[in-house]
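A short worksheet on the structure shown next.
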Amino acid sequence: MAGLGACTLGIGLALLGLSPSTQAESLSLQEIAPGVQVHQGAHQLPDTHNRGEIANIGFIAGERCVAVIDSGGSPEQGLALKRRIEASTRVPICYVINTHVHPDHIYGNLAFKSAGVRFVGHHKLGQAMAMRAPYYTERAPSQLGFQLSLEHFVPPDLPVTETLDLDLGGRTLHLTAHPTAHTDNDLSILDRKTGTLWLGDLLFMGHVPVVDGSLNGWLAEIRKLRAVEAQRVVPGHGPVVAAWPLALTGEENYLKMLQAEIRVAIKEGKTIDQAMNELGRSAKPDWQLFDEFHKRNIATGFAELEWEDD
Ligand SMILES: [Zn+2]
């Protein structure tokens, strides 16, 4: 019956032009450092109820303008975030930064498209969007409950090849384009003013890490990230803020375990199916959505590590 109630409510909100979960006033934001606001996503698989609105998203405000960091998992969530920003500050939005290509981080982009707004992403983000857009668009109605068109995939017009500093007025954001790790288009943001490091899905907490790029590459990036001087970190999935660099420990341990166990399995001549069914089961209590992603991580890691030299 609870489901029927939620459904009825959803229809009512739809008639008002609002989605069930993203009325502008209900998009909660927490100020985790001066001028840094984060909305927390839930640890759920994307579905028609949550409409894919599952990632941490938010914005950083300077004296001159605002940078959005990840636009949300649906067009409506993007619009809701835009309305919250407009209600909270008089300075305009000048940048929309996408941390990577996954739908929960980019589907709100179109809401922000207007003169004066630059879209910023890893130099490989545009290509990744173009490659995935047809499949993502086809899948959205059944998986997420809304229609998408190719225009929702707003690519970066300010691509980052290595690093880029964005001046928001009184604060500078230092952007870094990473080698292949979670994906092949991960971008991180360091707000130098407050020492806040925004990692997107380079950091998972609570939600099991998802390897859609390179297991070895991700571990190498984690080692480099440890040297970044920051006061706090915003993960792509997890709490809105966490201690730095302590927050990396759980993810790093999981990925190291995966790497070590896959290497042993390959040496022992196990098949990918055996590996998927046997490896890393002891990590299950530590992570949410373990059953949904762990086997896929083994398959991705196995395919990568099979070709390593001994
Ligand atoms: Zn992701």
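Once amide H atoms are built 1.01 Å from N in the peptide plane, which residues 5 or more positions from G200, or in another chain, come under 5 Å H to H?
HN-HN under 5 Å from G200: G236.
Report relative contact order for region 173-216 in percent, whole number only (criteria: Cα-Cα under 8 Å, sequence separation at least 6). Let's see the in-between values first.
On the way: 66 pairs, mean separation 17.4, N = 44.
With pairs under 8 Å counted, the relative contact order is 39 percent.
Provide the per-residue ³J(HN,Hα) series for region 69-77, in order, calculated from phi with Karplus coefficients 6.51, -1.76, 1.60 and θ = phi - 60°, each as a whole number of Hz, with x at glycine and proline positions.
With coefficients 6.51, -1.76 and 1.60, one gets 10, 6, 9, x, x, 8, x, 5, 5 Hz.
Explain nothing, just compute: Karplus ³J(HN,Hα) = 6.51 cos²θ - 1.76 cosθ + 1.60, θ = phi - 60°, for every residue of region 199-210 in order, whole Hz, x for Gly and Pro.
9, x, 8, 5, 10, 10, 10, x, 6, 4, x, 10
Accessible area of the chain with a 1.4 Å probe: how many percent of it is carbon plus sulfur?
Values: 7320 of 13700 Å².
Here it works out to 53 percent.
Can you compute the helix-only [θ] at 222 nm over the chain? Use -39500 (n - 2.57) per DSSP H run of at least 4 residues, normalise by all residues, nearest 500 deg cm²/dmol. If you can, show how the numbers build up before the last one.
Working: 8 runs with 105 residues, N = 310.
Computed ellipticity for the chain at 222 nm equals -11000 deg cm²/dmol.
Plugging the Kirkwood radius over Cα pairs into Stokes-Einstein for region 216-297, at a temperature of 37 °C and a viscosity of 0.692 mPa s, what D comes out in µm²/s?
For the chosen part, D equals 230 µm²/s.
Expressed as a whole percent, how much of the Cα-Cα distance distribution for region 92-132 exceeds 14 Å?
Percentage above 14 Å: 45.
Applying a 10 Å radius around every beta-carbon, put 117-130, 53-66 in order of their mean neighbour count, most first.
53-66, 117-130
Rounded to the nearest 0.05, what FRET efficiency do E308 and T249 give with R0 = 25 Å and r taken as the Cβ-Cβ distance? Could you check?
Efficiency for this residue pair is about 0.50.
May I ask for the distance between the Cα centers of region 22-78 and region 244-310, given as a whole number of Å?
30 Å
Evaluate the Kirkwood expression for the hydrodynamic radius of the chain, namely the inverse of the mean inverse distance over all pairs of different C-alpha atoms, and round to one decimal in Å.
One over the average 1/r among Cα pairs gives 20.0 Å for the chain.
Express the accessible area of the chain per residue in Å², computed with a 1.4 Å probe while the remaining protein chains stay in the model.
On a per-residue basis, 44 Å².
Could you tell me what percent of the DSSP beta bridges with both partners in the chain are antiparallel, to the nearest 5? Provide the component values of the computation, followed by the final result.
On the way: 26 of 42 bridges.
Of those bridges, close to 60 percent are antiparallel.
Please list, in order along region 144-158, the HN-Hα scalar couplings obtained from phi with the Karplus expression 6.51 cos²θ - 1.76 cosθ + 1.60 (θ = phi - 60°), rounded to whole Hz, x for Gly and Pro.
10, x, 9, 8, 10, 10, 4, 5, 5, 8, 7, x, x, 9, 10
The values are calculated or read from the model by the stated rules, or taken from the named source; none is laboratory data. All values derive from a computational prediction rather than experimental measurement. Note that each Cβ is placed from the backbone with ideal geometry, even for glycine, and that neighbours are counted across all protein chains shown. Surface areas here come from the heavy atoms of the whole protein model, side chains and all, with no ligands, DNA or RNA. Shrake-Rupley method; radii C 1.70, N 1.55, O 1.52, S 1.80 Å.
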